Structure formats: C-alpha cells, structure tokens
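Step one of this worksheet: look at the structure below.
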2 protein chains.
Amino acid sequence: MKDDLDYKVFQEVSYGLYVVTSVFEGRMNGQIVNTVLQVTSDPPRFAVIINRNNFTHDLIQKSSLFGISILSQEAPMTFIGLFGFRSGRDVDKLSKVNWVAGKTGCPLVTDYALGVMEARVFATLDAGTHTIFVGDVVDAKHLADGRPMTYEYYHRHLKGKTAKNAPTYNPSAS
Amino acid sequence: MKDDLDYKVFQEVSYGLYVVTSVFEGRMNGQIVNTVLQVTSDPPRFAVIINRNNFTHDLIQKSSLFGISILSQEAPMTFIGLFGFRSGRDVDKLSKVNWVAGKTGCPLVTDYALGVMEARVFATLDAGTHTIFVGDVVDAKHLADGRPMTYEYYHRHLKGKTAKNAPTYNPSAS
C-alpha cells in the first residue's frame, strides 16, 4: 500500500457484479468479477479483469473464450459465495448451478442472470497481478427483466466482502 | 451493428460517471467518461477507456497523465453537458469550473466531485475506436461525502443520453 493515497476514494468507483466463465478441453469454471465493462461499440467489445492466480484466468488464457452473466439484485450470498470465495481447482462449481453452452462452447451461468454474453479474446494486457482480457462479443442474450446487482448493493445490503484476488481489494478495509 | 446480438444486455452492465482530465504543454481538457475501473490493488492501477477522436485522448497519449474526478449524484446536466457533449478543441472547458493542479500537474476537476485521483500511464491497449489507458495512481484525495453518480442514475433520473463517442453507445437506443 502507498500510505499517502486515500484508499476511500477507490470505493466511490461504481461496478456491477458478474460471473465470468470459461472452458478449455472440457474443464469449465466461473468466478465472481466486478470489473467488467464495454470497451467499444462498433464492433462490440468487452473487457474483463481477472487475477492471474485464478483458475478461470488459466482457462481464458488457453481457450481465448469467456462468458459473462450479468447478475440480478436477487442473487443470494450462497450463490455469490460459491463463485466468489471458492476455487474451481477444488470444486466443480458449474455442477451446482444451471448453465447453458453458448455458441462458442463456453458455459454461461443462467441462474440469477439478467443476460449473458460470450466473447472471443481479441487482445490482452498484462497489468501485473491481473490481466485485462478484451473480447469480441459473439453472442448476447437477454434472459430476464430486473435490477442489475451493483457492487455497492452487494456491500451495503448483502454485507458482502471483497475477495483478496479482486482488483478492488483494499487490505485496510476489505 | 451485429443484428443477432441483443444489445439490451449491454445496458445491464453497471458504470459510474467521471470527468477524466489531462494536460500537455499547457493545453488542458476533460471529458465525461463512464468506463473507469480499478485494475490492480497492489500497486493501485486504474484504467480509463477513451475514444481516439477525443481531444483528451491526444493529451493523455502525449503526456501519459490522466486525472479522474468521481462525480456525485448532485452533478447537474449543465455540468455533465459541458464535459460530455462539447469538444475541448472548441471550448476551454476548465475555465468554466473549479479545478486544482495535482502532483503531476494534471488538472483535477473539484466541482461535484466526491474524490479525485491522478495517474501516470503504465500501459495502453489499442482496442480499435477506443484506447484503454492503464495508469499507476500517484495521488488520491477524498473531497466530499455523498452518493456517487451512476450511469443508471444519469439515464433514469437525469434522462441523460449516451454520447456517440462513448464505448457504450448503441445506435438503436441511445
């Protein structure tokens, strides 16, 4: 930590909450990610930011595929905990939820999802502990109406914590 | 546009609202950006995504500096309109608001800002129409308590539009 920075400022930045999935040679996984955003409109490209130590990172790096499920405000802590605080190296997360295989074969989690998309990696940026994967959106489907889960809602109403592997982890106020 | 994609899904992704600033050889500018996020925690790095055609893009590319002001929900449409729908090539935007020079010399807009930070570009990724600038945060200051302006609040309550140069512009539903 740099002690002269006011880390409180970082917490005023807004995020949603997503499950990002991938698959490589039959191994599948997904994890909670708050750092998802659209990068360009034409063609539609999205970025996801993933910790290098995570199993989902390995899968995306090897297959160049990722899926995004946009979580609804209705998603409960049990669901978020499964994807957010357990490693896919230890547990087969996808066996515990509903998902569909997308056009690319990437699994897309449909539980508590307002919509899903899948993307093929177009470029990556090594940012140190995390990688920015930028992908061309190859499919996007609306699944349900509802309010998207925001990171602020997750912290304020669900009393959710920030995982150590998150880009927004703050040791002094997790 | 790819007609088989359901663009409604993209609108369920959550963002905040920010003024991103820069300076090069005395020329200063700032623009509204919704695509800002933290990339790593240690060291603290943030990404901003900027359209290549924008004046602020030129300045960041030349100086490797950018500032971020996290807007409060109190920011009015007149303020957002100045930074969001006018080009710094035509108007001296910073002459019309309050700002301070940061440690790096980058201007930081303080009006309607909950906090400000400034960063030095560490890496860039050319994503086509837009560039992802990733910067090391060199300073961060909390300015005021309040609720951050979200992109959803801007659309729903201020009836704000999405500018054509935004990563999230959707020709069929701007």
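Here, each number is a calculation from the coordinates, and none is a lab measurement. Fair warning: this is a prediction, and the values are worked out from it, not measured in the lab. Glycine gets a Cβ as well: all are built from the backbone with ideal geometry, and neighbour counts include every protein chain shown.
Tabulated results
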| item | result |
| --- | --- |
| Nearest-20 debye value, region B:19-140 charge dipole, Cβ charges on Lys, Arg, Asp, Glu | 220 |
| Distance between region B:35-62 and region B:103-124 - C-alpha centres, whole angstrom | 10 |
| Order of A:Thr78, B:Thr150 - criterion: other Cβ atoms within 10 Å of each residue's Cβ, fewest first | A:Thr78, B:Thr150 |
| Largest-first ellipsoid semi-axes for the protein assembly as shown, taking √(5λ) over the Cα gyration tensor eigenvalues, angstrom | 32, 21, 19 |
| Separation in nanometres of the label points that stand 7 Å from Cα toward Cβ, at A:Glu25 and B:Asp111 | 5.8 |
| Residues of region B:110-151 with amide N under 20 Å of the 7 Å Cα→Cβ point at B:Ser87 | B:128-131 |
| For B:Val36, residues with placed amide H under 5 Å, excluding near neighbours | B:Gly16 |
| A:Arg52-A:His155 FRET efficiency (beta carbon distance; Förster radius 22 Å; 0.05 resolution) | 0.35 |
| Residue-averaged 222 nm ellipticity for chain A, from DSSP H runs of 4+ at -39500 (n - 2.57), nearest 500 | -3500 deg cm²/dmol |
| Region A:144-155 - phi-based ³J(HN,Hα) in whole Hz, Karplus 6.51/-1.76/1.60, Gly and Pro as x | 7, 7, x, 8, x, 6, 9, 5, 5, 5, 4, 6 |
| For B:112-125, mean number of other protein chain Cβ atoms within 10 Å | 3 |
| Proximal lysine pairs, chain A, alpha carbons under 27 Å, eight or more residues apart or interchain | 21 |
